[in-house]
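What follows is one structure encoded as structure tokens, with my remarks underneath.
The values are calculated or read from the model by the stated rules, or taken from the named source; none is laboratory data. As the structure is a computational prediction, the values presented were derived from the model and not from experiment. All Cβ positions, even for glycine, are placed from backbone atoms using ideal geometry, and neighbour counts span all protein chains on display.
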Amino acid sequence: MQQLSTKHLLGIKGLTAEDIQLIFETADNFKDVINRPIKKVPSLRDITIANVFFENSTRTRLSFELAEKRLSADVINFSSSNSSVKKGETLIDTVNNILSMKVDMVVMRHSSPGAPHFLSQNIDANIVNAGDGTHEHPTQALLDSFSIREKLGDVAGKKVAIIGDVLHSRVALSNIFCLQKLGAEVMVCGPVTLLPKYISSLGVKVEYDVKKALQWCDVANVLRIQLERQQIKYFPSLREYSLYYGVDRKLLDQLDKEIVIMHPGPINRGVELNSNVADSEHSIILNQVENGVAIRMAVLYLLAGVK
């Protein structure tokens, strides 16, 4: 069996292009599995996985849990909101207590950038980063690129515009790394206040006009405005943001070509994306959700083979 070059999935930076292709090929097989009448395989029957979430999550946690159960793993769910973390327990102590229950793999989301990296240096289990602060969200980037490959046949040579709140998005950074490793061209687009100062140093194009970005791209990945991460106001109002950066049907109809619309979810409908776009034939948002389970099955399966 082919193996990943790494014991953990901490970020896209730690993967090679060959690793990504291996994950995609494995996900192709698992996608067949989850579309069968019997959707389970015994691949991880002897593996115990802990989902350790220090930050709220619905789709990512459910997607990982479903992927684990489809692979027949034993699953433990941990949420910090009703745990001893509230009493001051450290991250290491929390995870070591979980590991003492003989857990093989930890899927972790944390509000602090670098938390999974810190953990990987201090414990023996495989670590999967399910999002660390505004840093990375590797499985989201993998499922996004996998969805582009499925829709357009290949990622190489495609033009992908990442539109919206890039500053507060862990999805954006992982997507940039993943798309570039697979040979795509990347542009970021948004208000100047929502684009990080360093962004052009990552080798991406920068655009402030959403119409120009849409005219340039083959795929538009529209990001959610992350109000919960914004301590100060980055734009006057949601209405004004929507007016200048919201993607609606009228905007798409003005283009002289068809483009693919993506969104990592949850959508602020009527803000960054109108319903007449989110639910249109241009959108592959629900395909992304389905592909998320297959990609996460592939990642867990491949990491379980690397000790």
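In region 24-49, which residues are in contact with a strand residue (DSSP E or B) (Cβ under 9 Å, 6 or more places away or on another chain), touching a residue at least 60 places away in the same chain (Cβ under 8 Å) and surrounded by fewer than 22 Cβ atoms within 10 Å (Cβ to Cβ)?
I47
Go through region 251-307 and count every residue that is small (G, A, S), over 21 Å from the mean Cα position of the chain (by Cα) and part of a helix (DSSP H, G or I).
Number satisfying all stated conditions: 1.
Condition (residue is in a helix (DSSP H, G or I) and either at pLDDT below 90 or buried (at least 21 other Cβ atoms within 10 Å of the Cβ) (or both)) applied to region 3-17: is it met by at least one residue?
yes
For region 263-282, enumerate the residues that are surrounded by fewer than 23 Cβ atoms within 10 Å (Cβ to Cβ) and either of a type in the set (K, R) or touching a His at 6+ places or on another chain (Cβ under 8 Å) (or both).
Once the filter is applied, which keeps residues that are surrounded by fewer than 23 Cβ atoms within 10 Å (Cβ to Cβ) and either of a type in the set (K, R) or touching a His at 6+ places or on another chain (Cβ under 8 Å) (or both), region 263-282 yields R269, A278.
For (1) at pLDDT below 90; (2) not in a helix (DSSP H, G or I), each residue gets a yes or a no:
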site	(1), (2)
M1	yes, yes
K40	no, yes
S43	no, yes
S81	yes, no
E89	yes, yes
I92	yes, no
N97	yes, no
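Only residues that are of a type in the set (S, T, Y) and assigned to a helix (DSSP H, G or I): list them for region 143-186, please.
Within region 143-186, S145, S147, S174 meet the criteria.
Given the conditions (1) surrounded by fewer than 20 Cβ atoms within 10 Å (Cβ to Cβ); (2) touching a residue at least 12 places away in the same chain (Cβ under 8 Å), and given that R70 satisfies all but one, which numbered condition is not satisfied?
(1)
Suppose the filter is small (G, A, S), outside the structural domain of K31 (by TED's automatic domain parsing) and in contact with a helix residue (DSSP H, G or I) (Cβ under 6 Å, 6 or more places away or on another chain); does S169 pass it?
No: the conditions fail for S169.
Would you mind stating whether G114 is at positive phi and modelled with pLDDT under 90?
no
Which ones in region 188-215 are surrounded by fewer than 16 Cβ atoms within 10 Å (Cβ to Cβ) and either among the aliphatic types (A, V, I, L, M) or not assigned by TED's automatic domain parsing to the domain that holds L252 (or both)?
V192, L202, V206
Filter region 187-227 for residues that are part of a strand (DSSP E or B) and not β-branched (V, I, T); which is farthest from R249 (Cα to Cα)?
Only one residue tops the list, namely K205.
Yes/no per residue for (1) touching a Ser or Thr at 6+ places or on another chain (Cβ under 9 Å); (2) more than 16 Å from N129 (Cα to Cα):
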site: H8; (1), (2): yes, no
site: I12; (1), (2): yes, no
site: L15; (1), (2): yes, no
site: I20; (1), (2): yes, no
site: F24; (1), (2): yes, yes
site: I34; (1), (2): no, yes
site: S43; (1), (2): yes, yes
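Exactly one condition in (1) assigned to a helix (DSSP H, G or I); (2) buried (at least 23 other Cβ atoms within 10 Å of the Cβ) is not met by F118; state its number.
The failed condition is (2).
Of the residues that sit in region 50-67 and are among the hydrophobic types (A, V, I, L, M, F, W, C) and crowded, with 20+ Cβ neighbours inside 10 Å, which one is modelled with the lowest pLDDT?
This residue is F54.
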